[in-house]
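The values are calculated or read from the model by the stated rules, or taken from the named source; none is laboratory data. Computed from a prediction, not measured in an experiment: that's the story for all the values here. Here the Cβ positions follow ideal geometry from the backbone for every residue, glycine too, while neighbour counts run over all protein chains shown. Note: areas computed on protein heavy atoms with side chains; ligands, DNA, RNA excluded. Shrake-Rupley method; radii C 1.70, N 1.55, O 1.52, S 1.80 Å.
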Amino acid sequence: MCKDCGCESANARATGHGHPHPHPHPHDHAHPHPHDHAHAHDHPHDHDHAHDHDHPHGHAAEDGLRRIEMERSLLARNDEIAARNRAWLTSRGIVALNLISSPGSGKTRLLERTLDLLRGRLACAVVTGDLQTDNDARRLADRGAPVRQIETRSSCHLNAGHLRDVLPEVAPPGTRLLFIENVGNLVCPAAFDLGEHFKVALLSVTEGEDKPLKYPTLFSAAQIAILTKTDLIPALDWNLAECRKALQAVHPGMFVFELSAKTGAGMDGWIDYLVRLAG
Amino acid sequence: MHELSLAQSMVEDIVAAARREGADRIVRIRLVVGALSGVDADAFEFAFPVAAEGTPAAGADLRIREVPLAVHCRDCGATTSPDPLLCRCETCGSAAVDVTAGRELKVEALEIHVPVG
C-alpha cells in the first residue's frame, strides 16, 4: 500500500499516478474576494457567487483516470456564510449566542426569563429554530425583543444560511445581544457554525450527569454550559458534583452556570454575565 | 442525522471540482472524518448514495479515513489519544491539553474519469 494516499498498488496503476508520487499541491488559498460592487442594501448574503477557488490540481494520466487534491472541508460553504454573519454582527456591536441542547431542556423557558430581566436594560433579539410550528416564537413574543421563528422542516439543525436570511430583519440597529435558539438536538447543531460568538450548551438536571461524556462534540465546542431546572435537584437522585466533573473532563475550564429559570435562582449571575458581554 | 445534508453539500462541491477538470465521472472519493467532527462514518456511507444519485458522483467508491482524537499536553509534552473522548492527557492526567487532531471533516482527494480525446 502506498504511504502517501493509502492506495493499493493495483489502484495506483489504474489511476495512473504511479510512484514516485507527485506532491499534493494543497493550494487551499481561500481567496476571500471582497465583492466591490456597491451594496445599496445591507444584507450579509453573498449574492450567490460562491467562488470556490479550489484549483484542484490533477495528475496527468493516459487512461482518463486522474487524481485531484481537494483538501476542502465539508462545512466550507456553511463556514463561509457563518464568517460573513459574524462579521456583520461584530461590525454592528451585536454579541450572538447559539443555544444548543436536547429538546425539553429549557431553552425557551430560559429565554423567556432572560428577556424579561433584560427588558429596558439591553436591546435583545431572538432567532428560534424548530422543525415546525411557531410556538416558541409566540412564547417569546411581547417581551421587548424582536423574535423570528425559523421552521427547518426536515433539518435537525440550523445552518448559517438560515441565520443570514433573517439577520437584517431580526436585529435592527441598536441590538446588543442576539440569542439563537437552535433546534433541540444535542448532536448535529454542534457541527454547524452560524456566525455566533459563543456556543452555549444547556443541560437540564433531569438528564444524566454524564451527558457531557456521552456527547463530547457539543460540550467540547461550547464555551459556556448552563445547568437548568436546578429547582428539581431535591426531587431527583442527581449528583451536581459528578456533572461538574464530567463537564470539566470534556472541556477543562468551561464556564458553567447553574440556575432555575422557574424560581429565578442563579439567574442574577447569568444576567450580569450577559450585561458584561454586551458591554 | 445531519450526515445527509453534509453528503449533499459534499456532492455539490466535488461535482463542481470534477467538472472544472473536464471529468464526466467521479470514481473515488477520499474523505477524512475526525472523531470530534460530529459525523458518524456509517451514517455518512448510508447517506452518500442518496445524495449522489443522478450526479457524476453516483456509484463512486467512498473511502473514509477516520482520525482519532489527539491531544497535546502542555504539562508533560505527551501527545495521546484519549478514548473515550476526554480532553485529558492519558500520560499524566493533566487537563491542560490542546486538541491537535480529531476535528477534521474534509475531502482530501478525488479520483475522476476524464474522457480521452
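Could you give me the residue pairs with C-beta distances under 6 Å whose first residue belongs to segment A:63-80 and is within 7 Å of another protein chain (Cβ to nearest Cβ), whose second residue is open to solvent by 20 Å² or more (accessible area, probe 1.4 Å) and among the hydrophobic types (A, V, I, L, M, F, W, C) wherever it lies, and which are 6+ apart or on separate chains?
Pairs that qualify, where the first residue is within 7 Å of another protein chain (Cβ to nearest Cβ) and the partner is open to solvent by 20 Å² or more (accessible area, probe 1.4 Å) and among the hydrophobic types (A, V, I, L, M, F, W, C), are A:GLY64/B:VAL114; A:GLY64/B:VAL116; A:ARG66/B:VAL114.
Go through segment B:41-72 and give me each residue that's in contact with a Lys or Arg (Cβ under 7 Å, 6 or more places away or on another chain) and either free of Cβ contacts under 8 Å to residues at least 24 places away in the same chain or surrounded by 18 or more Cβ atoms within 10 Å (Cβ to Cβ) (or both).
B:PRO56, B:ALA60, listed by residue number.
Can you name the number of the only condition in (1) assigned to a strand (DSSP E or B); (2) surrounded by fewer than 18 Cβ atoms within 10 Å (Cβ to Cβ) that A:ARG121 fails?
Result: A:ARG121 passes all but (1).
Taking the options A:ARG139, A:ARG153, name whichever one is more than 18 Å from the chain's Cα centre (by Cα), of a type outside the set (A, V, I, L, M) and assigned to a helix (DSSP H, G or I).
Testing whether each residue is more than 18 Å from the chain's Cα centre (by Cα), of a type outside the set (A, V, I, L, M) and assigned to a helix (DSSP H, G or I) leaves just A:ARG139.
Among the residues of segment A:112-130, are any β-branched (Val, Ile, Thr), under 18 Å from the mean Cα position of the chain (by Cα) and farther than 22 Å from A:ALA221 by Cβ?
No, segment A:112-130 contains no residue that is β-branched (Val, Ile, Thr), under 18 Å from the mean Cα position of the chain (by Cα) and farther than 22 Å from A:ALA221 by Cβ.
Just checking, how many residues over segment B:13-26 are at the interface with chain A (Cβ under 8 Å from one of its Cβ atoms) and either in contact with a helix residue (DSSP H, G or I) (Cβ under 8 Å, 6 or more places away or on another chain) or surrounded by fewer than 22 Cβ atoms within 10 Å (Cβ to Cβ) (or both)?
Result for segment B:13-26: 4.
Would you mention how many residues in segment B:3-12 are within 7 Å of another protein chain (Cβ to nearest Cβ) and crowded, with 24+ Cβ neighbours inside 10 Å? It would help to see each step written out before you state the result.
Looking only at segment B:3-12, we keep the residues that are within 7 Å of another protein chain (Cβ to nearest Cβ), and these are B:5-6, B:9-10.
Checking which are crowded, with 24+ Cβ neighbours inside 10 Å leaves us with B:6, B:10.
Residues that pass the stated criteria total 2.
Residues to consider are A:LEU203, A:LEU236, A:LEU194; find the one that is of a type outside the set (Phe, Trp, Tyr) and surrounded by fewer than 22 Cβ atoms within 10 Å (Cβ to Cβ).
Selected residue: A:LEU236, the only one of A:LEU203, A:LEU236, A:LEU194 that is of a type outside the set (Phe, Trp, Tyr) and surrounded by fewer than 22 Cβ atoms within 10 Å (Cβ to Cβ).
Condition first: open to solvent by 20 Å² or more (accessible area, probe 1.4 Å), assigned by TED's automatic domain parsing to the domain that holds A:VAL127 and hydrophobic (A, V, I, L, M, F, W, C). Can you find one or more residues in segment A:155-178 that meet it?
Taking segment A:155-178 first, the residues open to solvent by 20 Å² or more (accessible area, probe 1.4 Å) are A:155, A:159, A:162, A:164-165, A:168-169, A:172-174, A:176.
Imposing the further condition that a residue be assigned by TED's automatic domain parsing to the domain that holds A:VAL127 reduces the set to A:155, A:159, A:162, A:164-165, A:168-169, A:172-174, A:176.
From what is left, the residues that are hydrophobic (A, V, I, L, M, F, W, C) are none.
There is no residue in segment A:155-178 that is open to solvent by 20 Å² or more (accessible area, probe 1.4 Å), assigned by TED's automatic domain parsing to the domain that holds A:VAL127 and hydrophobic (A, V, I, L, M, F, W, C).
Is it true that A:ALA241 is open to solvent by 10 Å² or more (accessible area, probe 1.4 Å) and under 20 Å from the mean Cα position of the chain (by Cα)?
Spelling it out, it is not the case that A:ALA241 is open to solvent by 10 Å² or more (accessible area, probe 1.4 Å) and under 20 Å from the mean Cα position of the chain (by Cα).
Looking at segment A:156-164, can you tell me whether even one residue there is part of a strand (DSSP E or B), within 20 Å of the chain's Cα centre (by Cα) and either of a type in the set (Phe, Trp, Tyr) or within 25 Å of A:ARG276 (Cβ to Cβ) (or both)?
Step one: of segment A:156-164, the residues part of a strand (DSSP E or B) are none.
No: segment A:156-164 contains no residue that is part of a strand (DSSP E or B), within 20 Å of the chain's Cα centre (by Cα) and either of a type in the set (Phe, Trp, Tyr) or within 25 Å of A:ARG276 (Cβ to Cβ) (or both).
Taking only pairs six or more apart or across chains, which ones have beta-carbon atoms under 8 Å, a first residue in segment A:84-104 that is in the same structural domain as A:VAL200 (by TED's automatic domain parsing) and open to solvent by less than 20 Å² (accessible area, probe 1.4 Å), and a second residue that is assigned to a strand (DSSP E or B) and of a type in the set (Asp, Glu)?
A:LEU99/A:GLU181
A:PRO146 - would you say it is touching a strand residue (DSSP E or B) at 6+ places or on another chain (Cβ under 7 Å), open to solvent by 20 Å² or more (accessible area, probe 1.4 Å) and either under 15 Å from A:LYS107 (Cβ atoms) or away from every other protein chain (no Cβ under 13 Å) (or both)? Spell out the reasoning first.
Details: touching a strand residue (DSSP E or B) at 6+ places or on another chain (Cβ under 7 Å): yes; open to solvent by 20 Å² or more (accessible area, probe 1.4 Å): yes; either under 15 Å from A:LYS107 (Cβ atoms) or away from every other protein chain (no Cβ under 13 Å) (or both): yes.
When the stated conditions are applied, A:PRO146 passes them.
Tell me, which strands (runs of 3 or more DSSP E) lie completely within segment B:34-102 with 1 or more residues that are basic (Lys, Arg) and closer than 21 Å to A:GLY253 by Cα?
none
For segment B:65-95, which positions are within 11 Å of another protein chain (Cβ to nearest Cβ), over 19 Å from A:LEU218 (Cα atoms) and hydrophobic (A, V, I, L, M, F, W, C)?
Correct list: B:CYS89 only.
Taking the residues in segment A:206-224 that are more than 14 Å from chain B (Cβ to nearest Cβ) and not charged (D, E, K, R) as candidates, determine which candidate is most open to solvent (accessible area, probe 1.4 Å).
Applying the filter and picking the extreme gives A:THR206.
Looking at (1) without any contact (Cβ under 8 Å) to a residue 60 or more places away in the chain; (2) more than 30 Å from A:VAL205 (Cα to Cα); (3) within 14 Å of chain B (Cβ to nearest Cβ), can you tell me which one A:GLY120 breaks?
It fails just one condition, (3).
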